[in-house]
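Reading through the structure tokens given below for one structure.
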Amino acid sequence: MRPIKHVEKGLTLVAGAVHCTIQSVNKYKPNPSFTPKWSEKPLLKSWQKSKPTLGWPRTTDSLCPNCVIEARESILSGKQDVSVLINEKVGEIKAQIIERDGEIWMVKDCAMHGHFEDMMAIDAKFLTHIEKMFPGRDIDAHNDEKLHNHGTSTIKYGRGAVLTVDLTNRCNMMCDPCFMDANQVGFVHELSMDDIKEILDNAISIKPRRQMSVQFSGGEPSISPHFLESIRYSRKVGYNSVQAATNGIEFAKSKEFCRQAAEAGLRYVYLQFDGIGNDANSHRQVGNLFDVKMRAINNLHEAGVEIVLVTTLVNGINNDQVGSIIRFALDNPKKIAFLSFQPVSFTGRDEEITEQRR
Ligand code: SF4
């Protein structure tokens, strides 16, 4: 080890010891906590923050995936009222989180639909490390009982970071996977401008303020007739960072549209981006999709909108693209602000995926 590394290690140990000492002194003689403008309760000291039970084996609350599908169908067909989601524990079952052969698994049984198992981590040590880094729960939610009454899913802590508003379930693509089942559910669900204003007004007015960023999503948000006005209104009522999760087609089609979006106040696009080259994007069934992405990136950059590439990783489809995407971002530092890798989620179009394919 180089001498500088020993110095760094020594400094880290000293800093850790000083931090622990200050924390214990603070605990016995604490200064009053600060109450920010956006909250009516003071912020918590680190030692006041609670934690859920971590580690394993442990029991946790979970859902039966089949009960969830059945409940939704019964609400949509009118057999049950949507209020059951608030008043009853629809689909809720207990699950065990266990370690098995160095991996972490969630194991659960539904009285109606049988046994389910899902791998949570391929490396138990890594998950232990991640759980150890959890800083504790944030400030209690307050003054939002009417707005956030979601039954047992009601948010209890924290101030949140991003408000996601799905403007429409229409899309100009037909991907598999699609987290939303855009275009295929048999009905159009699209917010009116009054709906959008109500959501934005409600979210910005409560304390502690949960959202300072808003992300318009869908389907494809840019084909909503209210896309530009929604951006403009968000900025007007005080959202600092207005974003759109998009496949980029509308932005590739028109520089003028990019200019209008930037002028309305669009700060970031979360651009669907599965790999480098048309082949790496071919699973989305559009032959020249990479060319489209490149044109969208250039048009948006020219208009002054920041670009975050969002890669949905699917094993066996595009997991070999991680390195090339990172290299692409490094080669284009002025155009690409961030990268975001996310695993494919089995919702929407892939909700009923077979065990084997999963
Ligand atoms: S994944 Fe995105 S782009 Fe593809 S169909 Fe769904 S909403 Fe549209």
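Ellipticity at 222 nm from helices only: DSSP H runs of n ≥ 4 in the chain, each -39500 (n - 2.57), divided by the residue count, give -10000 deg cm²/dmol. What whole-number value in Å² describes the accessible area per residue of the chain for a 1.4 Å probe? Each residue of the chain exposes 59 Å² on average to a 1.4 Å probe. For region 165-174, 3J(HN,Hα) computed residue by residue from phi via the Karplus equation (6.51, -1.76, 1.60; θ = phi - 60°) reads 10, 7, 6, 7, 9, 7, 8, 9, 10, 9 Hz, glycine and proline entered as x. Counting only protein chain heavy atoms and rolling a 1.4 Å probe, the accessible areas of Leu85, Leu330 rank, largest first, as Leu330, Leu85. Per-residue SASA remark: Arg358, around 110 Å² accessible (1.4 Å probe; ligands, DNA and RNA not included).
When the charge dipole of the chain is built from unit charges on Cβ atoms (+1 for Lys and Arg, -1 for Asp and Glu) and taken about the Cα centre, the candidate among Ser83, Phe338, Pro208 whose Cα reaches farthest toward its positive end is Pro208. Ignoring aspartates and glutamates fewer than eight residues from Lys94 along the same chain, the ones with Cα atoms less than 17 angstrom from its Cα are Asp61, Asp109, Glu117, Asp118. Normalised by the number of residues in the chain, the average gap of Cα pairs under 8 Å and 6 or more apart makes the relative contact order 12 percent. Contact order, relative form, for region 151-350: 22 percent (alpha carbon pairs under 8 Å, 6 or more residues apart, mean separation divided by residue count). For Lys197, a cut-off of 15 angstrom between C-alpha atoms picks up these aspartates and glutamates, skipping any fewer than 8 places away in its own chain: Asp166, Glu229.
Remark on Tyr157: its backbone amide H falls under 5 Å from those of Ala141, a criterion applied only to residues 5 or more positions apart or on other chains, H modelled at 1.01 Å from N. Between Asp166 and Ser217, the built amide H atoms are under 5 Å apart, and every one of these is 5 or more places off in sequence or on another chain. 3J(HN,Hα) along region 144-151: 10, 4, 6, 6, 10, 8, 10, x Hz, from the Karplus curve 6.51 cos²θ - 1.76 cosθ + 1.60 with θ = phi - 60°, whole Hz, x for Gly and Pro. Considering only alpha-carbon pairs that sit under 8 angstrom and 6 or more positions apart, the relative contact order computed for region 58-132 is 27 percent.
Ordering 25-37, 236-248 by mean Cβ neighbour count within 10 Å, with the highest value first, yields 236-248, 25-37. A straight Cα-to-Cα reach below 19 Å connects Lys132 with the lysines Lys45, Lys49, Lys51, residues fewer than 8 places away in its own chain not being considered.
The values are calculated or read from the model by the stated rules, or taken from the named source; none is laboratory data. Since the structure is predicted, the reported quantities are computational estimates derived from the model, not experimental observations. Note that each Cβ is placed from the backbone with ideal geometry, even for glycine, and that neighbours are counted across all protein chains shown. In case anyone asks, the SASA skips ligands and DNA or RNA and just uses the protein heavy atoms, side chains included. Shrake-Rupley method; radii C 1.70, N 1.55, O 1.52, S 1.80 Å.
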